[in-house]
Amino acid sequence: MTTLVVGLTGGIGSGKTAVSDRFARYGVPVIDTDVIARELVEPGQPALAEIVAEFGSECLDGRGGLDRTHLRQRVFTDEAGRRRLEAILHPRIRAVTRERIAALTTPYCLLVIPLLVETGMTDLVDRVLVVDASEAEQIHRVMARDRIDEIQARQILAAQASRRQRLALADEVVENAGDFANLERQIADLHLYYLRLAAERFF
């Protein structure tokens, strides 16, 4: 059986985790590229050594791990630096992702790729599911979660693909306006839909 791969994406503060957690309750495997990225930069991993060689030991925290906040701030306004970081991480993320998908025997899985539009990893997925929320809602959530001001939140949003770009890529959309009962209904419907799509691939 070849597992149907649903790529889950959405802007910061859209509620991707709330959506993926609800799919997981149905027993759907969730592969998160952010989690893979964190695993790849743990102490002793080759990717961490490459990052230090590229960006210097100031990228490490006091325990020898990656200081993600420092590195994120460093590459946020440095496009060349961000591309160097991506060149180190993205091929490894792709390889691990493919391995984990290949090991699955479930009808479908959820592959969480927050920057799907920006990284162009659409070749890894069969469907694109976008978690959509208004910009005002995104800003409110990011400010509360990360304890930052509105200016910083807007800067983060501006650095990502636009809402319109994500929606243009979507096969399906989950509206996440904060109504959890409605969110549950949407995901229940999508779960049945993806099971049907997965079954139809073999008939």
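The values are calculated or read from the model by the stated rules, or taken from the named source; none is laboratory data. Everything numeric in this text was worked out from a predicted model, so none of it was measured. Cβ coordinates were reconstructed from backbone atoms using ideal geometry, including for glycine residues, and neighbour counts include every protein chain displayed. With ligands, DNA and RNA removed, areas are computed over all heavy atoms of the protein, side chains included. Shrake-Rupley method; radii C 1.70, N 1.55, O 1.52, S 1.80 Å.
For the stretch 23-30, the criterion of being within 28 Å of residue 135 (Cα to Cα), at pLDDT 95 or above, open to solvent by 20 Å² or more (accessible area, probe 1.4 Å) and in contact with a strand residue (DSSP E or B) (Cβ under 8 Å, 6 or more places away or on another chain) is satisfied by at least one residue.
Taking the numbered list (1) modelled with pLDDT of 90 or more; (2) part of a helix (DSSP H, G or I); (3) closer than 26 Å to residue 55 by Cβ in turn, residue 191 passes all entries but (3).
Among residues of the stretch 17-33 that are over 25 Å from residue 92 (Cα atoms), those with a beta-carbon under 6 Å from a residue that is of a type outside the set (D, E, K, R) and in a helix (DSSP H, G or I) at least six positions away or on a different chain give the pairs 22/187; 26/191. Out of curiosity, is residue 161 surrounded by fewer than 13 Cβ atoms within 10 Å (Cβ to Cβ) and among the small types (Gly, Ala, Ser)? Spelling it out, it is not the case that residue 161 is surrounded by fewer than 13 Cβ atoms within 10 Å (Cβ to Cβ) and among the small types (Gly, Ala, Ser).
The rows are residues; the columns are (1) acidic (Asp, Glu); (2) under 18 Å from the mean Cα position of the chain (by Cα); (3) surrounded by 13 or more Cβ atoms within 10 Å (Cβ to Cβ).
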site: 7; (1), (2), (3): no, yes, yes
site: 10; (1), (2), (3): no, yes, yes
site: 46; (1), (2), (3): no, no, no
site: 76; (1), (2), (3): no, yes, yes
site: 87; (1), (2), (3): no, yes, no
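Residue-level analysis places residue 170 outside the set of residues that are within 16 Å of residue 10 (Cβ to Cβ) and in contact with a Phe, Trp or Tyr (Cβ under 9 Å, 6 or more places away or on another chain).
Checking every residue in the stretch 98-110 against the condition of being buried (at least 17 other Cβ atoms within 10 Å of the Cβ), among the hydrophobic types (A, V, I, L, M, F, W, C), within 17 Å of the chain's Cα centre (by Cα) and not in a helix (DSSP H, G or I) gives at least one match.
Let's see how each residue does on (1) closer than 18 Å to residue 129 by Cβ; (2) loosely packed, with under 13 Cβ neighbours inside 10 Å:
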| residue | (1), (2) |
| --- | --- |
| 145 | no, yes |
| 154 | no, no |
| 157 | no, no |
| 168 | yes, yes |
| 177 | yes, yes |
| 194 | yes, no |
| 200 | yes, yes |
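Residue 120 - would you say it is free of Cβ contacts under 8 Å to residues at least 60 places away in the same chain, open to solvent by less than 30 Å² (accessible area, probe 1.4 Å) and out of contact with any Leu (no Cβ under 7 Å at 6 or more places or on another chain)? No, not satisfied.
Suppose the filter is open to solvent by less than 30 Å² (accessible area, probe 1.4 Å), among the charged types (D, E, K, R) and in contact (Cβ under 8 Å) with a residue 12 or more places away in the chain; does residue 132 pass it? Here the answer is yes, as residue 132 does meet what is asked. Confirm whether residue 36 is assigned to a helix (DSSP H, G or I), crowded, with 16+ Cβ neighbours inside 10 Å and within 16 Å of the chain's Cα centre (by Cα). So residue 36 fits the description; yes.
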